[in-house]
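Beneath this line is the structure, given in structure tokens, with notes to follow.
The values are calculated or read from the model by the stated rules, or taken from the named source; none is laboratory data. Bear in mind the structure is a predicted one, so any value in this text is a computation, not a measurement. Positions of Cβ are backbone-derived with ideal geometry, glycine not excepted, and every protein chain shown enters the neighbour counts.
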Amino acid sequence: MAETMIDVPGYKAGTWVLDPSHSEVTFSVRHMMISKVRGSFGVKSATIVAPENPLEARVEATVDASSIDTNDEGRDTHLRSADFFDVETYPTIEFRSTATRVEAGDLFVDGDLTMHGVTKPVSFELELGGFGVDPWGNYKAGATATTVVNREDFGLTWNAALETGGVLVGKDITITLDLQGSLEQS
């Protein structure tokens, strides 16, 4: 039976706005099937509308696809091209939540992820970091959310076969959101 209400110590209802200087969107993907390439994106915006019941919270977030950074400008240029993200045609990556749920004691945020013009349902496992007041009186919250998606499900299918077998780029991408937000003052 799904939980209909949870107690989250420090939780406050209201509208929460992302603090981009204390937040990041990172990813990792297998390279040549032997190592991982890691990178990040810049977050354009994120808002959480949080009613009294935390399980009714809704999230909307937008990422600037052209901001991809893997510490290799040549690779980043390729990732921005039509072979991958095609940022000229699809400049953003977006997430819209559809539900928040507890399963086996873990918290999940389900929603629709739109990337490369394709929208698919995903579930982020959410780890709350906590709540607190900064030196300027702003009420803050922190959380980490993680999911794994198959990039080919989003039309990101470019690859190259290796002489030794396998492929250059793995299918599964681990996406991690490390977020901090502020409760809007009323």
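Residues in the stretch 120-144 that are within 30 Å of Thr157 (Cα to Cα) and surrounded by 14 or more Cβ atoms within 10 Å (Cβ to Cβ): Val122, Ser123, Phe124, Glu125, Leu126, Thr144.
Considering (1) closer than 23 Å to Thr70 by Cα; (2) in contact (Cβ under 8 Å) with a residue 60 or more places away in the chain; (3) acidic (Asp, Glu), the lone condition that Asp153 does not fulfil carries the number (2). Taking (1) at pLDDT 90 or above; (2) assigned to a loop (DSSP other than H, G, I, E, B); (3) polar (S, T, N, Q) in turn, Thr4 satisfies each apart from (1).
Selection over the stretch 91-118 of residues that are over 20 Å from Thr176 (Cβ atoms) and either part of a loop (DSSP other than H, G, I, E, B) or free of Cβ contacts under 8 Å to residues at least 60 places away in the same chain (or both) gives a count of 7. For the stretch 131-162, the set of residues classified as over 17 Å from the mean Cα position of the chain (by Cα), at pLDDT 90 or above and in a strand (DSSP E or B) consists of Phe131, Gly132, Val133, Tyr139, Lys140, listed by residue number. Taking the listed residues Thr89, Thr176, the one that is exposed (fewer than 13 other Cβ atoms within 10 Å of the Cβ), under 19 Å from Val43 (Cα atoms) and at pLDDT 90 or above is Thr89, with no other qualifying. Within the stretch 53-84, the set of residues being out of contact with any Ser or Thr (no Cβ under 8 Å at 6 or more places or on another chain) and touching a residue at least 40 places away in the same chain (Cβ under 8 Å) comprises Asp83, Phe84. Could you list all residues from the stretch 50-90 that are under 17 Å from Ser123 (Cα atoms) and either among the basic types (Lys, Arg) or part of a loop (DSSP other than H, G, I, E, B) (or both)? Hits for the stretch 50-90 are Ala57, Arg58.
The set of residues in the stretch 10-49 that are part of a loop (DSSP other than H, G, I, E, B), in contact (Cβ under 8 Å) with a residue 60 or more places away in the chain and of a type outside the set (D, E, K, R) comprises Gly10, Tyr11, Ser23, Met32, Met33. Summed over the stretch 4-48, residues that are of a type in the set (A, V, I, L, M) and surrounded by 15 or more Cβ atoms within 10 Å (Cβ to Cβ) total 8.
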